[in-house]
1. Restricting to the stretch 222-247, name every residue that is at pLDDT 85 or above, out of contact with any Pro (no Cβ under 7 Å at 6 or more places or on another chain) and surrounded by 20 or more Cβ atoms within 10 Å (Cβ to Cβ).
2. Quick one: in the stretch 349-367, of everything that is in a helix (DSSP H, G or I) and not aliphatic (A, V, I, L, M), which residue is modelled with the lowest pLDDT?
3. Quick check, is V107 outside any helix (DSSP H, G or I) and within 19 Å of D440 (Cβ to Cβ)?
4. Looking at V168 and the list (1) on the phi < 0 side of the Ramachandran plot; (2) in contact with a Phe, Trp or Tyr (Cβ under 7 Å, 6 or more places away or on another chain), which single condition is not satisfied?
5. All but one of (1) at pLDDT 90 or above; (2) surrounded by fewer than 21 Cβ atoms within 10 Å (Cβ to Cβ); (3) under 20 Å from E196 (Cα atoms) hold for P391; which doesn't?
6. Tell me, please, whether a residue that is crowded, with 19+ Cβ neighbours inside 10 Å, more than 30 Å from M195 (Cα to Cα) and among the hydroxyl-bearing types (S, T, Y) can be found in the stretch 126-142.
7. Any residue at all in the stretch 148-155 that is touching a residue at least 12 places away in the same chain (Cβ under 8 Å), under 25 Å from L63 (Cβ atoms) and polar (S, T, N, Q)?
Amino acid sequence: MKISERITAILQRQLDRLRLRLAQPDALLQLSALGIIAGLLASALITAFRLILEMLQTYALGLPHVERYEVLPAEWRFLLPAAGGILLGVIFHFLPAHIRQVGIGYVIQQFHRHQAHLPLGNAVVQFFGGIAALFAGFSGGREGPGVHLGAYSGSFLGRVIDLPNNSVRILVGSGVAAAIAASFNTPLAGVIFAMEVIVLQYTLASFIPVILAASVGALVATAFFGSEPAFAVEFRHLTALIEVPFLLLMGLIIGVLAAIFVHGVENTIRRTKHWPIWWRFSLAGLATGLIALMVPEVLGVGYDTAEEAARGNLLFSWMLVIIAAKLLATILTVGMGLPVGLIAPTLVIGAVAGGAFGLLVSTTMEQSYADASFYAIIGMGAMMGATLQAPLTALATMLELTGTPDSILPAMVAIVAASLTSQVLFGKDGIFKAIARAQDPQRTGPSL
């Protein structure tokens, strides 16, 4: 036997032993090592995605900051999303239908119904389609592409070495956690999101690899993008019982906004899912361009707008306009199927709504215990939690994005109030479940 054949035979025997070991529920050490590798693969993809997007925004558009679409001339604010929607629509029209499916909803479907198998073609479409849509200024976030690419990393690793399905699912969860951590530099939120939204199963053998993968994602993000939180905002807050009714009222208002958002996306999908994809994308681009002519803050992710609202630099009336415009633009973008995420826009809408509410509180109270920036930060978590129906993810995301642990207790009050308002008063499920139901009314919940 040749040396190469002997080496191949030895490697095959070792892989067979590894597969048999990973089929057991207590293969923690092996899964942990594979979780680190999945985290590295996911982090590499997300880092490449972010770097390419930011270079295009900086050098092709000449933006002073990757979020500052507001500085573009009016004609560019219209033409960029309009032309981007038309171009993406034409490209997607000629793609095979089975590889057009991308995003978090697709990952959840594949995870629970197809043994977490994520094909390469869909991941390629997500990578380049997500960059193109975000570069064009569509109202969306990079976490949707990030989760898909991270999940693909874990699935790819598991399929390459032909692991049992239970191990592949854990690696997919690890890739998702690493992707969220690398996208936002939020390792804790990555872990909770993966378990609360994607995996929906809590065991020690799944938690440890996911935690390790999220840690790897955060380390890679820190190495390339720094360790600063996404929102560098200082706020004044004194814990007092008098603020609890205000937090509940704000939670109620933001819960209404979340219900409007979920209902709008669900209705848009139902009404337009049978339209040709080139028409849907083109219409979303034209609508976004028209809205951006009047309200440029709707373009892109919008973290800069959220920060301005938190710092009290926006007028109350203008914040109301931004909320309505951002809601409409995001509903059209997500509802018509553009390959972007929806979590980041909910954070922005919640921050602006919270900032507007904080201005009202400060003008009505003689002695204010908290300023507008405090309510803006709490509003982010409340909107995200009510939209996803994932309160722990929202709490962890808000904590890590802002670096403000003093807001945890007030945030719990607002997040619970907003989530109950959307789900109980208006009967709205989490956005991903609503999207799945709108796309296929016969589809039931996750099978696992």
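The values are calculated or read from the model by the stated rules, or taken from the named source; none is laboratory data. In this text, all values refer to a predicted model and were calculated from it rather than measured experimentally. Backbone-built Cβ (ideal geometry, glycine too); neighbour counts: all protein chains shown.
1. Correct list: F246 only.
2. Result: T364.
3. Working: outside any helix (DSSP H, G or I): no; within 19 Å of D440 (Cβ to Cβ): yes.
Answer is no for this residue.
4. Against the list (1) on the phi < 0 side of the Ramachandran plot; (2) in contact with a Phe, Trp or Tyr (Cβ under 7 Å, 6 or more places away or on another chain), V168 comes up short only on (2).
5. The failed condition is (2).
6. Checked against the condition, which is being crowded, with 19+ Cβ neighbours inside 10 Å, more than 30 Å from M195 (Cα to Cα) and among the hydroxyl-bearing types (S, T, Y), the stretch 126-142 yields no hits at all.
7. Taking the stretch 148-155 as the starting set, the residues that turn out to be touching a residue at least 12 places away in the same chain (Cβ under 8 Å) are 148-155.
From what is left, the residues that are under 25 Å from L63 (Cβ atoms) are 149.
Imposing the further condition that a residue be polar (S, T, N, Q) reduces the set to none.
No, the stretch 148-155 contains no residue that is touching a residue at least 12 places away in the same chain (Cβ under 8 Å), under 25 Å from L63 (Cβ atoms) and polar (S, T, N, Q).
Conditions tested, residue by residue: (1) farther than 16 Å from V125 by Cα; (2) surrounded by fewer than 18 Cβ atoms within 10 Å (Cβ to Cβ); (3) of a type in the set (K, R).
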site: G39; (1), (2), (3): yes, no, no
site: L45; (1), (2), (3): no, no, no
site: I52; (1), (2), (3): no, yes, no
site: L72; (1), (2), (3): yes, no, no
site: G85; (1), (2), (3): no, no, no
site: G89; (1), (2), (3): no, no, no
